[in-house]
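Q: Structure in structure tokens, see below.
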Amino acid sequence: MRVLFVANPEKAHLLAMVPLAWALRAAGHEVRVASQPAFAGVITQAGLTAVPVGRDADLWRLLARDPRLPGWTWRPAYGLPAPYDVAQFPERGAWEHLTEGYAEVLRHWHRPGCLPMIAGLTEFARHWRPDLVVWEPLAFAGPIAARACGAAHARLLWSLDVFGLTRARFLDLKEGRPAHDRADPLAEWLDGYARMHGGAFAEDMVTGQFTIDQLPASIAVRAPGLRHVPVRYVPYGGPSVVPGWLREPPRRPRVALTMGVSLTDHAAGYSVSVRDLLEALADLDVEVVATIADAERHGLPTVPGNARVVPYVPLQALAATCAAVLSHGGFGTMLTTAGHGVPQLAMPWDFDGPLFARRVAAQGAALAVDADRVTGEHVRAAVLRLLEEPAFAKRADDLRAEMAALPSPGRLVARLEELTERNR
């Protein structure tokens with residue numbers, strides 16, 4: 001087959017797609033990865049073939065300049081934006097909230113994020129003729145191009161399916177609306193581009209002909225009526241080197257502190273005070289390894305004696321040596337940690353982080369506290385609980401086993417071949 005992956009230029013989203021792209025290549029299929037031109041280096045760094053399409057546009061800068069979105073000038077607003085917040089707060093699922101939310105998210109996010117790639121991606125798809133297009137949930141240029149060239153297409157999730165859940169709620173409400181009051185901003189937008197390129201809107205342009213889901217059932221949020229195809233999460237964090245000190249077993253329980261790379265990549269800063277957290281852990285009999293971006297180290301004039309501060313360590317190697325991991329609650333961070341059966345504390349703030357962290361906490365492998373409520377005392381108490389209460393380690397090991405039982409990307413290839421043939 002020819003398989004075209006499509007990602008908006010967001011590193012965390014692409015990294016979640018790389019292991020499946022590798023698996024398809026290893027099985028003998030042709031693979032290309034399309035994104036904006038400036039993102040090509042991130043793709044090729046992963047050993048994949050990049051297809052630069054369209055023009056470059058930094059969505060974060062566009063959001064920061066919008067006077068109607070003041071929170072984005074320094075960091076993203078808390079939690080899920082409308083309409084996707086109904087996944088976290090079902091009581092908000094009224095018709096007006098959803099239609100107005102779709103209109104707003106299209107204006108500020110989906111349209112400016114996808115428009116730069118649509119024409120170029122469609123032109124390439126018609127030229128290359130992929131059999132399957134795999135797109136991440138924000139890359140709506142993917143289903144538009146798939147529709148234009150007649151390819152099968154699938155979403156590959158990089159977290160909870162808040163998009164599908166919201167859409168299911170919207171369609172339920174739409175069904176009960178009078179014919180003159182069924183506004184559907186997202187469908188109307190997609191239909192315009194589908195018709196421009198010789199097709200017409202179909203609901204699978206929102207949620208894919210099928211959805212590749214990397215979350216185990218105990219923490220997943222899935223929309224009814226969609227075909228979810230499970231696959232095991234395989235960590236990939238980009239090019240890295242394992243330092244020599246990490247090969248030495250820790251003399252004390254090792255606790256990792258990592259706040260991810262997405263916010264610092266976009267100069268948004270961390271949503272918690274790393275300095276306060278390190279000071280709160282300074283008197284514990286633990287070894288703290290804190291991965292702090294160079295841009296954020298100005299707030300650390302001194303480092304406690306039980307802490308090692310480094311700009312980056314591959315989490316896959318670090319988590320395997322840890323007794324607990326403290327993080328921003330990101331998808332890759334939490335699943336990499338969960339894959340090693342390590343208890344964790346999540347301190348989320350933006351997008352689906354708060355909901356995702358609560359799902360893992362409800363499973364029992366983690367504690368969760370929203371970033372704006374984090375204090376040093378909270379974190380110190382949480383670390384002691386994670387280390388001393390055996391239930392966390394037990395549930396973390398249960399989650400590890402559940403993840404390990406899912407099919408690997410390599411085992412998924414045959415299923416993708418079957419689904420591609422069925423949906424073309």
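The values are calculated or read from the model by the stated rules, or taken from the named source; none is laboratory data. The structure presented is a predicted model; accordingly, all values stated were derived computationally and were not measured. Using ideal geometry, Cβ is built from the backbone for each residue, glycine included, and neighbour counts are taken over all protein chains shown. Note: accessible area is taken over every heavy atom of the protein model, side chains too, but ligands, DNA and RNA are not part of it. Shrake-Rupley method; radii C 1.70, N 1.55, O 1.52, S 1.80 Å.
Q: Quick one: which residue in 40, 57, 23 is part of a helix (DSSP H, G or I), over 30 Å from residue 422 (Cα atoms) and not aromatic (Phe, Trp, Tyr)?
A: 40
Q: For region 191-212, what are the residues that are hydroxyl-bearing (Ser, Thr, Tyr) and more than 19 Å from residue 169 (Cα to Cα)?
A: 193
Q: Sticking with this one: What are the pairs, 6+ residues apart or on separate chains, where a residue within region 132-149 that is under 11 Å from residue 121 (Cα atoms) has its Cβ under 7 Å from a residue that is basic (Lys, Arg) and open to solvent by 10 Å² or more (accessible area, probe 1.4 Å)?
A: Close Cβ pairs (under 7 Å, with a partner that is basic (Lys, Arg) and open to solvent by 10 Å² or more (accessible area, probe 1.4 Å)) amount to 148/126; 149/126; 149/129.
Q: Test residue 177 against the stated conditions and say whether it is in a loop (DSSP other than H, G, I, E, B), touching a residue at least 24 places away in the same chain (Cβ under 8 Å) and of a type in the set (Lys, Arg).
A: Spelling it out, residue 177 is indeed in a loop (DSSP other than H, G, I, E, B), touching a residue at least 24 places away in the same chain (Cβ under 8 Å) and of a type in the set (Lys, Arg).
Q: Residue 119 - would you say it is closer than 30 Å to residue 30 by Cβ, at pLDDT 95 or above and assigned to a loop (DSSP other than H, G, I, E, B)?
A: So residue 119 does not fit the description; no.
Q: Identify, from the list 154, 200, 220, the residue that is in a strand (DSSP E or B) and either open to solvent by less than 40 Å² (accessible area, probe 1.4 Å) or closer than 24 Å to residue 10 by Cα (or both).
A: Exactly one residue qualifies, and that residue is 154.
Q: Do you know which residues across region 262-289 are open to solvent by 30 Å² or more (accessible area, probe 1.4 Å), out of contact with any Pro (no Cβ under 9 Å at 6 or more places or on another chain) and modelled with pLDDT of 85 or more?
A: 276
Q: I need the full set of residues from region 343-356 which are open to solvent by 10 Å² or more (accessible area, probe 1.4 Å), in a loop (DSSP other than H, G, I, E, B) and among the hydrophobic types (A, V, I, L, M, F, W, C), in order please.
A: Across region 343-356, the qualifying residues are 349, 351.
Here's the yes/no breakdown for (1) buried (at least 21 other Cβ atoms within 10 Å of the Cβ); (2) β-branched (Val, Ile, Thr); (3) over 26 Å from residue 18 (Cβ atoms):
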{"position": "331", "(1), (2), (3)": "yes, no, no"}
{"position": "358", "(1), (2), (3)": "no, no, yes"}
{"position": "380", "(1), (2), (3)": "no, no, yes"}
{"position": "385", "(1), (2), (3)": "no, no, yes"}
{"position": "402", "(1), (2), (3)": "no, no, no"}
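Q: What pairs can you find where one residue is in region 1-12 and surrounded by fewer than 18 Cβ atoms within 10 Å (Cβ to Cβ), the other is assigned to a loop (DSSP other than H, G, I, E, B), and their Cβ atoms are less than 6 Å apart, with a gap of 6+ or different chains?
A: If the second residue must be assigned to a loop (DSSP other than H, G, I, E, B), the pairs left are 2/130; 2/131.
Q: Then there is this: With the structure loaded, tell me whether residue 234 is farther than 21 Å from residue 424 by Cα, modelled with pLDDT of 95 or more and open to solvent by 10 Å² or more (accessible area, probe 1.4 Å) or whether it fails that test.
A: Taking the combined requirement at face value, the residue satisfies it.
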